[in-house]
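Novice: Mind looking over this structure? Questions follow.
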Amino acid sequence: PPGLYVVATPIGNLGDISLRALQTLAAADAVLAEDTRVTRTLLAHYGITTPLVSYHEHSNDAVRERMILRIREGQALALVSDAGTPLVSDPGYRLVEAAIAEGLRVVPLPGASAALAALVVSGLPTDRFFFEGFLPAKSGARRTRLAELASIPGTLVLYEAPHRLAESLADAAAVLGPRNAAVARELTKLYETVRRGALTDLAEAYAAEPQPKGEIVLLIAPATAATREAETRATVDGKLRDALRQ
Ligand code: SAM
């Protein structure tokens, strides 16, 4: 049936795709892909020959209108991203919004997402969590954002680029203190690793090591009474240091 199908694809291991997702991709009139080369490889692996159309973060209203028109005309369009679940730190939100505004059917095909995969092996509380996605690239803005996140009563889930991990850990340790944390790397892939420990220890360890390779999720536990006290102390020390510097 016509509609916009939001299809999750694997985050590494090609086996992590549902039977229904494969059927939907095969039956769709077109697959809207962030990077058509990446998606072509996935489809080829499963012998799927559905035509690919490029849809990425720079796609404009005109592109979206064309997609909406195709669905109106009775087509089934499947939206995928390079890896994991579309719309989660990936393009698609504006297209889903437009489809809903037009009264079209939007159907989820759930599957892999690095955020949940990392959360469940982090060893950190899973009853409540907050998905932040990527932190700002610059240290000042990053610390400001971390300070805003400090009082959230759940595990923080952050996506991070390998070349920024060490500095983000340092900023997080400075702002949030010695909370429990985990670095989940290359999930479902050959070099899958999860490192767990105090944020301050992880920051120290990664500062002393060569830059890690691959894809990374950083998870930080909510504050406890003990870490809250250390956080206040860190903030006061930081403010004092800044004041003395001026
Ligand atoms: N939509 C995707 C999802 O649902 O997970 C996320 C897309 S975002 C552009 C890419 C980021 O997700 C990476 O920089 C990394 O932080 C995280 N990521 C994706 N695959 C991963 C993996 N296999 N292991 C760890 N982190 C991963």
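The values are calculated or read from the model by the stated rules, or taken from the named source; none is laboratory data. Note that the structure is a prediction, hence the values are computed from the model and not measured. Don't worry about glycine lacking a Cβ; one is built from the backbone with ideal geometry, like all the others, and counts go over all protein chains shown.
Novice: Restricting to segment 27-53, and then to whatever is of a type in the set (A, V, I, L, M, F, W, C) and farther than 18 Å from Gly74 by Cβ, can you tell me which residue is surrounded by the most Cβ atoms within 10 Å (Cβ to Cβ)? If you could, list the steps in order and put the result at the bottom.
Specialist: Looking only at segment 27-53, we keep the residues that are of a type in the set (A, V, I, L, M, F, W, C), and these are 27-28, 30-33, 38, 42-44, 48, 52-53.
Applying the additional criterion that residues be farther than 18 Å from Gly74 by Cβ yields 33, 38, 42-44, 48, 52.
Working: Ala33: 25, Val38: 14, Leu42: 20, Leu43: 21, Ala44: 10, Ile48: 17, Leu52: 17.
Top of the filtered list is Ala33.
Novice: Right, here's the next one. Among the residues of segment 143-160, which ones are acidic (Asp, Glu) and exposed (fewer than 13 other Cβ atoms within 10 Å of the Cβ)?
Specialist: Glu148
Novice: So which residues in segment 149-170 are assigned to a helix (DSSP H, G or I) and closer than 25 Å to Ser113 by Cα? Spell out the reasoning first.
Specialist: Filtering segment 149-170 for residues assigned to a helix (DSSP H, G or I) gives 149, 162-170.
Answer for segment 149-170, where residues must be assigned to a helix (DSSP H, G or I) and closer than 25 Å to Ser113 by Cα: Leu149, Pro162, His163, Arg164, Leu165, Ala166, Glu167, Ser168, Leu169.
Novice: Here is a further query. Select, from Ser113, Ser59, the only residue that is more than 23 Å from Pro1 (Cβ to Cβ), more than 11 Å from the ligand (Cβ to nearest atom), surrounded by 19 or more Cβ atoms within 10 Å (Cβ to Cβ) and among the small types (Gly, Ala, Ser).
Specialist: Going through Ser113, Ser59 in turn, just one is more than 23 Å from Pro1 (Cβ to Cβ), more than 11 Å from the ligand (Cβ to nearest atom), surrounded by 19 or more Cβ atoms within 10 Å (Cβ to Cβ) and among the small types (Gly, Ala, Ser): Ser59.
Novice: Could you go through segment 68-89 and let me know if any residue there is touching a Lys or Arg at 6+ places or on another chain (Cβ under 7 Å), surrounded by 17 or more Cβ atoms within 10 Å (Cβ to Cβ) and at pLDDT 95 or above.
Specialist: To start, the set of residues in segment 68-89 that are touching a Lys or Arg at 6+ places or on another chain (Cβ under 7 Å) comprises 77.
Add one more test, that the residue is surrounded by 17 or more Cβ atoms within 10 Å (Cβ to Cβ), and what stays is 77.
Checking which are at pLDDT 95 or above leaves us with 77.
Yes, that holds for at least one residue.
Novice: A follow-up question, please. Please list, ordered by first then second residue, the pairs with beta carbon atoms under 8 Å, 6 or more apart or interchain, first in segment 81-110 and of a type in the set (Ser, Thr, Tyr), second surrounded by fewer than 20 Cβ atoms within 10 Å (Cβ to Cβ) and not in a loop (DSSP other than H, G, I, E, B).
Specialist: Here the result reads Ser89/Gly133; Ser89/Phe134; Ser89/Tyr159, each pair linking segment 81-110 to a residue that is surrounded by fewer than 20 Cβ atoms within 10 Å (Cβ to Cβ) and not in a loop (DSSP other than H, G, I, E, B).
Novice: Residues being at negative phi, of a type outside the set (S, T, N, Q) and within 16 Å of the ligand (Cβ to nearest atom): count how many of those fall in segment 63-85.
Specialist: Restricting attention to segment 63-85, the residues satisfying the condition of being at negative phi are 63-73, 75-83, 85.
Next, only the ones that are of a type outside the set (S, T, N, Q) stay: 63-73, 76-80, 82-83.
Checking which are within 16 Å of the ligand (Cβ to nearest atom) leaves us with 78-80, 82-83.
Within segment 63-85, residues that are at negative phi, of a type outside the set (S, T, N, Q) and within 16 Å of the ligand (Cβ to nearest atom) number 5.
Novice: Right, something else. Across segment 180-197, what is the total count of residues that are of a type outside the set (D, E, K, R), within 11 Å of the ligand (Cβ to nearest atom) and part of a strand (DSSP E or B)?
Specialist: Residues flagged as of a type outside the set (D, E, K, R), within 11 Å of the ligand (Cβ to nearest atom) and part of a strand (DSSP E or B) within segment 180-197 amount to 4.
Novice: Can you tell me which residue is farthest from Ile71 (Cα to Cα) among those in segment 86-110 that are within 16 Å of the ligand (Cβ to nearest atom) and assigned to a loop (DSSP other than H, G, I, E, B)?
Specialist: Of everything passing the filter in segment 86-110, Ser89 is farthest from Ile71 (Cα to Cα).
Novice: Which of (1) part of a loop (DSSP other than H, G, I, E, B); (2) in contact (Cβ under 8 Å) with a residue 24 or more places away in the chain; (3) surrounded by fewer than 20 Cβ atoms within 10 Å (Cβ to Cβ) does Gly133 not meet, given it meets every other one?
Specialist: In the conditions (1) part of a loop (DSSP other than H, G, I, E, B); (2) in contact (Cβ under 8 Å) with a residue 24 or more places away in the chain; (3) surrounded by fewer than 20 Cβ atoms within 10 Å (Cβ to Cβ), Gly133 misses (1) alone.
Novice: Name the residue that is nearest to the ligand (Cβ to nearest atom), counting only residues in segment 7-18 that are of a type in the set (A, V, I, L, M) and within 15 Å of Val107 (Cα to Cα).
Specialist: By that ranking, first place goes to Ala8.
Novice: Can you tell me which of Gly140, Gly177 is among the small types (Gly, Ala, Ser), more than 28 Å from Gly15 (Cα to Cα) and either within 13 Å of the ligand (Cβ to nearest atom) or buried (at least 21 other Cβ atoms within 10 Å of the Cβ) (or both)? Break it down into steps so the answer makes sense when it comes.
Specialist: Values: Gly140 fails: either within 13 Å of the ligand (Cβ to nearest atom) or buried (at least 21 other Cβ atoms within 10 Å of the Cβ) (or both).
Just a single option satisfies the conditions, and that option is Gly177.
Novice: State which residue pairs qualify: first residue without any contact (Cβ under 8 Å) to a residue 60 or more places away in the chain and inside segment 1-28, second residue within 13 Å of the ligand (Cβ to nearest atom) in any location, beta carbons under 8 Å apart, and separation of 6 or more residues or different chains.
Specialist: Taking only residues 6 or more apart or on different chains, the pairs are Leu25/Val7; Leu25/Val80.
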